[in-house]
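Worksheet: the structure to be examined is printed underneath.
The values are calculated or read from the model by the stated rules, or taken from the named source; none is laboratory data. Predicted model only: the values in this text are computed from it and were never measured. Virtual Cβ from ideal backbone geometry, glycine too; neighbours counted across all protein chains shown. Protein only, heavy atoms only, side chains kept; ligands, DNA and RNA dropped before computing areas. Shrake-Rupley method; radii C 1.70, N 1.55, O 1.52, S 1.80 Å.
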Amino acid sequence: MKKVSLKFLGASGTVTGSKFYLETPELNIMIDCGMFQGLKELREKNWEPLPIDASKIDVVLLTHGHLDHTGYLPRLVKEGFKGSIIGSYPTLSIAQIILLDSAKIQEEQAKKANEEGYSKHPKALPFYDLKEAQRTIDLFSGRQKDEWVQLSDNIRFKFRYNGHIIGSTFIELEIFEKLFAFSGDVGRLDDKLLLPPERPEWADYLFLESTYGNKLHPKENIAEILSDLVQKTIHERGTLIIPSFAVERLQLLMYLFWQLYKKNKIPNIPIFIDSPMGNNVLGVFEQFTDWHKLSKADYEAMCNHFNIITSYADTWKTIDDKRPKIVIAGSGMVTGGRVLTYLKQLVDEPTTKVLLVGYQAEGTRGRQLIEGTHELKLFGKYYPVKASIHFIESLSAHADQAELLNFIDNIKNTPEKVFLIHGEPGALDAFKVKIRDTKGWDCHIPKLEENIDLWL
């Protein structure tokens, strides 16, 4: 028998910080390598060295490019990792954009904290800098989806489309003829831009995300909600601010507003896209047309409808623009990015509307806003929240409980073990009960830094 040791180094009992480590007789493999986001106690874990020797990891396989799946990579390299970082080609394009943008923001925030003196440390340091991000990118190695890639004599893997963001996949990892299936983040069945997720047919060990394991997305009339918010924004001569993830959500919002304008559901209100990272992601959509539904003509027409902001000076011009307007800016959970500048200036105005779309993790400003906070801490100072806060959950790029059950419904065998990951405790517990009742499968909810030995 062969021993495989599993270590759950992130996204275990929580949603973010995805890191799953497998020690095998032939190779040491990490699946995803993300940063923790949200609660301070989780964010502080980013600064702690991993409880493994990074120099002994042979390869990192990435399900997709989001920060909570890739953002720890430069620290891994700093800790001694020298192997290959493998993902689908669009995933590596997204990861490159995200890591460079993240490093730039961290450098800027550390500089600002030092200049304005609001860091609790003698000197604020970036989590990693641009040079460290670039050293990481140099280790990237792309692979096609749907093709087996041999890593060693008895280990191979395959990327398969799962529709969460462009380039996103689930991973089938075969170790000594046992199939380990890592769902990554599973996408929606009826996404406007992406194809439905493919589904695994076999899994001896299944690692299944559970972000919405206890919920069904509400059946909301998105067009009506957006049209209504636009009309009210025009009537009150205010600003509609939409914090947005740069990958997928931004492009989806652009598509929705463009469609509403084309169908005469909203007037030609100025719409500003203020996300340098999001602008770069648009280029990934243009490059990898077989990963999404938009035709080249539609893509170009959509982009031409918006005011794309490229400089920070234009951010301030947009804030000073007195016309009713829509601003879509990073980041989606209001944890950083350009949206903080807009909120700092406009969140205390009753004519401002803030629309949050998709999942808001515990401990983020986005979660605080939907829970009714009366003030927001931005750049070390508190600002009263007088803006009206709105929330559309159904625009999430994560599958809900029914879609997750659909994702696993094609598995023909009974997995030896199902590991439920990427969820807050309530979602994990509810999903465990649901799978046990509907499938009779043996589910385990791993704790952070739990070790499990499997004998194959």
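Side notes on the structure shown:
- Residue that is hydrophobic (A, V, I, L, M, F, W, C) and over 17 Å from the mean Cα position of the chain (by Cα), where the choices are Phe140, Phe170: Phe140
- Residue in region 277-297 that is touching a Phe, Trp or Tyr at 6+ places or on another chain (Cβ under 6 Å), open to solvent by less than 10 Å² (accessible area, probe 1.4 Å) and not polar (S, T, N, Q) present: no
- Looking only at region 422-456, and only at residues there that are under 21 Å from the mean Cα position of the chain (by Cα) and among the small types (Gly, Ala, Ser), the one that is surrounded by the most Cβ atoms within 10 Å (Cβ to Cβ): Gly423
- Residue list for region 86-111, filter: in contact with a strand residue (DSSP E or B) (Cβ under 9 Å, 6 or more places away or on another chain) and surrounded by fewer than 24 Cβ atoms within 10 Å (Cβ to Cβ): Ile86, Tyr89, Leu92, Ser93, Gln96
For (1) surrounded by 14 or more Cβ atoms within 10 Å (Cβ to Cβ); (2) more than 20 Å from the chain's Cα centre (by Cα), each residue gets a yes or a no:
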site: Phe379; (1), (2): no, yes
site: Ser394; (1), (2): yes, no
site: Leu405; (1), (2): yes, yes
site: Asp409; (1), (2): no, yes
site: Asn413; (1), (2): no, yes
site: Leu420; (1), (2): yes, no
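- Taking the criterion of being at pLDDT 95 or above, within 17 Å of Ile309 (Cα to Cα) and assigned to a loop (DSSP other than H, G, I, E, B), the residues of region 242-287 that qualify are Ile269, Pro270.
- Taken over region 90-104, the criterion of being in contact with a Ser or Thr (Cβ under 9 Å, 6 or more places away or on another chain), of a type in the set (Val, Ile, Thr) and either farther than 13 Å from Leu73 by Cα or free of Cβ contacts under 8 Å to residues at least 24 places away in the same chain (or both) is satisfied by Thr91, Ile94.
- Every condition in (1) open to solvent by 50 Å² or more (accessible area, probe 1.4 Å); (2) in contact with a Leu (Cβ under 9 Å, 6 or more places away or on another chain); (3) of a type outside the set (Asp, Glu); (4) not in a helix (DSSP H, G or I) holds for Lys344 except the one numbered (4).
- Residue count for region 356-372 satisfying the condition of being part of a strand (DSSP E or B) and over 16 Å from the mean Cα position of the chain (by Cα): 0.
- Count of residues meeting criterion [aliphatic (A, V, I, L, M), within 19 Å of Thr335 (Cα to Cα) and open to solvent by less than 10 Å² (accessible area, probe 1.4 Å)] in region 67-85: 0
- Qualifying residue in region 429-444 (condition: polar (S, T, N, Q), more than 21 Å from Phe170 (Cβ to Cβ) and modelled with pLDDT of 95 or more): no
- Considering residues of region 1-55 that are among the polar types (S, T, N, Q) and within 22 Å of the chain's Cα centre (by Cα) only, the residue most open to solvent (accessible area, probe 1.4 Å): Gln37
- Candidate set from region 300-314 (those that are touching a residue at least 12 places away in the same chain (Cβ under 8 Å) and either within 14 Å of Lys262 (Cα to Cα) or of a type in the set (A, V, I, L, M, F, W, C) (or both)); member that is surrounded by the most Cβ atoms within 10 Å (Cβ to Cβ): Ile309
- Positions within region 349-371 being within 16 Å of Val327 (Cβ to Cβ) and acidic (Asp, Glu), in sequence order: Glu349
- If you go through region 105-144 and keep only what is small (Gly, Ala, Ser) and either under 15 Å from Cys33 (Cα atoms) or in contact (Cβ under 8 Å) with a residue 24 or more places away in the chain (or both), you end up with Ala113, Ala133, Ser141, Gly142.
- Restricted to strands (runs of 3 or more DSSP E) entirely inside region 119-236, those with at least 2 residues that are touching a Gly at 6+ places or on another chain (Cβ under 8 Å) and crowded, with 17+ Cβ neighbours inside 10 Å are 140-143, 169-175.
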